[in-house]
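Below: one structure, written as structure tokens.
The values are calculated or read from the model by the stated rules, or taken from the named source; none is laboratory data. Predicted model only: the values in this text are computed from it and were never measured. So basically every Cβ, Gly included, is an ideal-geometry build from the backbone, and we count neighbours across all protein chains shown.
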Amino acid sequence: MTAPVVEAKASERAATTPPAPARRRGFAVHFAHYKWLYLLLLPGVLYFAIFRYGPMYGVSIAFKDYVPFLGVNGSPWVGVQHFQDFFANPDFPRLLGNTLILAFLNLGIAFPLTIVLALLLNEVRLSVLKRTVQTLVYIPHFLSWTIVASLSFLLFALDIGPLFQFVNGLFGTNVDILSDPNWFRPLIVLQEIWKNTGWGTIIFLAALATVDQDQYEAAIIDGAGRFRRVWHITLPGIRSTIIVMLILAIGQMLNTGFEQIYLMTNALNRSVADVFDTYVYFVGITQGAYSYSTAVGLFKSLVGIVLIFGTNWLSKRFNQSGLF
């Protein structure tokens, strides 16, 4: 590129770029015009700054032998020693296996059921019935995991629980469902479905509302049945939303939920119930291994980041919309 051309481009950029005082005045006018929107944004920014980004400073103790009396800066540096100890720990394969099994069960069962429930609700034409069903399936989301676990204990209580009697009568067994390791994972998945499936339909119902209704009318004229309309119009219409939610769900795979697992864990089912979240609590809080538990949590977070970027990259490779 010749010198005159470079000078011409530079002068063109200088001519189109407003001076700094003009930019500042423009921002001031913009801020004054939208000041109430920025005020509404402030609580969310403060929340993430204080409770999300601020505590990230403490992640450094994963690379130190943290001693509370010495503080974060005064504790000696040990590098990746805690990560090496964690990977060499005999509990690591069991924790990884339990976490991945629960994650894939939730992803393979609970996530598709959310889409199916949204499709079913979208097909309900009686508005009163639709709103009633939506309210009923939303309510469990607002119950804490403590209440969900308490209901599970009442329903599956040994000898007196109604669902305990039903299940054992159906299969002809006498199994303590709350303590049997073989029943732990199905019980966790059922709790997840009951509590969060209805709430997860909100985003998909909003996406379904944007599908062009003219396509349905044209399909009806062409003789397409309800199933074909769903398969060829509805699902392609919300494909981008499904992909984005799937990427986010995959990124949260290792976050199996501390409260739910902790409340449903006992001495008899611990072999299949221990996951990364509960392991961090038992090691970090009850045993005081702060640096070691922080390393475990950091490992889980890094895997989640890799999964998000990897899933997004695969989505782009197959010419689908991604998260970014």
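Taking the range 64-95 as the range and being touching a residue at least 24 places away in the same chain (Cβ under 8 Å) and part of a helix (DSSP H, G or I) as the test, the residues that pass are His82, Phe83, Asp85, Phe86, Asp91, Arg94, Leu95. Only one of the numbered conditions (1) buried (at least 17 other Cβ atoms within 10 Å of the Cβ); (2) in contact with a Phe, Trp or Tyr (Cβ under 9 Å, 6 or more places away or on another chain) is violated by Trp199, and that is (1). Checked against (1) β-branched (Val, Ile, Thr); (2) part of a helix (DSSP H, G or I); (3) surrounded by fewer than 17 Cβ atoms within 10 Å (Cβ to Cβ), Ile250 passes all but condition (3).
Determine, yes or no, whether Leu136 is out of contact with any helix residue (DSSP H, G or I) (no Cβ under 7 Å at 6 or more places or on another chain) and not small (Gly, Ala, Ser). Taking the combined requirement at face value, the residue satisfies it. Counting only helices (runs of 4 or more DSSP H) wholly contained in the range 120-181, the ones carrying 1 or more residues that are within 28 Å of the chain's Cα centre (by Cα) occupy 127-138, 145-155. Within the range 290-302, the presence of a residue that is part of a helix (DSSP H, G or I), more than 20 Å from Gln81 (Cα to Cα), more than 20 Å from the chain's Cα centre (by Cα) and not aliphatic (A, V, I, L, M) is excluded. Within the range 264-282, the set of residues being surrounded by 19 or more Cβ atoms within 10 Å (Cβ to Cβ) and hydrophobic (A, V, I, L, M, F, W, C) comprises Met264, Val272, Ala273, Val275, Phe276, Val280. Inside the range 121-146, residues that are free of Cβ contacts under 8 Å to residues at least 12 places away in the same chain and surrounded by 13 or more Cβ atoms within 10 Å (Cβ to Cβ) make up a count of 2. Tallying residues that are among the β-branched types (Val, Ile, Thr), at pLDDT below 90 and either touching a Cys at 6+ places or on another chain (Cβ under 8 Å) or assigned to a loop (DSSP other than H, G, I, E, B) (or both) within the range 256-289 yields 1. Considering the range 60-85 alone, what residues qualify as being farther than 14 Å from Val296 by Cβ and polar (S, T, N, Q)? Ser60, Asn73, Ser75 - these are the residues of the range 60-85 that are farther than 14 Å from Val296 by Cβ and polar (S, T, N, Q). When you look at Phe31, is it outside the structural domain of Phe276 (by TED's automatic domain parsing), of a type in the set (Phe, Trp, Tyr) and out of contact with any Cys (no Cβ under 8 Å at 6 or more places or on another chain), yes or no? Taking the combined requirement at face value, the residue satisfies it.
Regarding Leu170, is this residue within 22 Å of Lys195 (Cα to Cα), exposed (fewer than 13 other Cβ atoms within 10 Å of the Cβ) and without any contact (Cβ under 8 Å) to a residue 40 or more places away in the chain? Break it down stepwise before answering.
Working: within 22 Å of Lys195 (Cα to Cα): no; exposed (fewer than 13 other Cβ atoms within 10 Å of the Cβ): yes; without any contact (Cβ under 8 Å) to a residue 40 or more places away in the chain: yes.
No; evaluated as a whole, the condition is false for this residue.
Do the conditions hold for Ile177, that is, is it β-branched (Val, Ile, Thr) and either touching a residue at least 24 places away in the same chain (Cβ under 8 Å) or over 28 Å from Leu95 (Cα atoms) (or both)? Steps first, please.
Numbers: β-branched (Val, Ile, Thr): yes; either touching a residue at least 24 places away in the same chain (Cβ under 8 Å) or over 28 Å from Leu95 (Cα atoms) (or both): no.
Considered against the rule, which asks whether it is β-branched (Val, Ile, Thr) and either touching a residue at least 24 places away in the same chain (Cβ under 8 Å) or over 28 Å from Leu95 (Cα atoms) (or both), Ile177 comes out as no.
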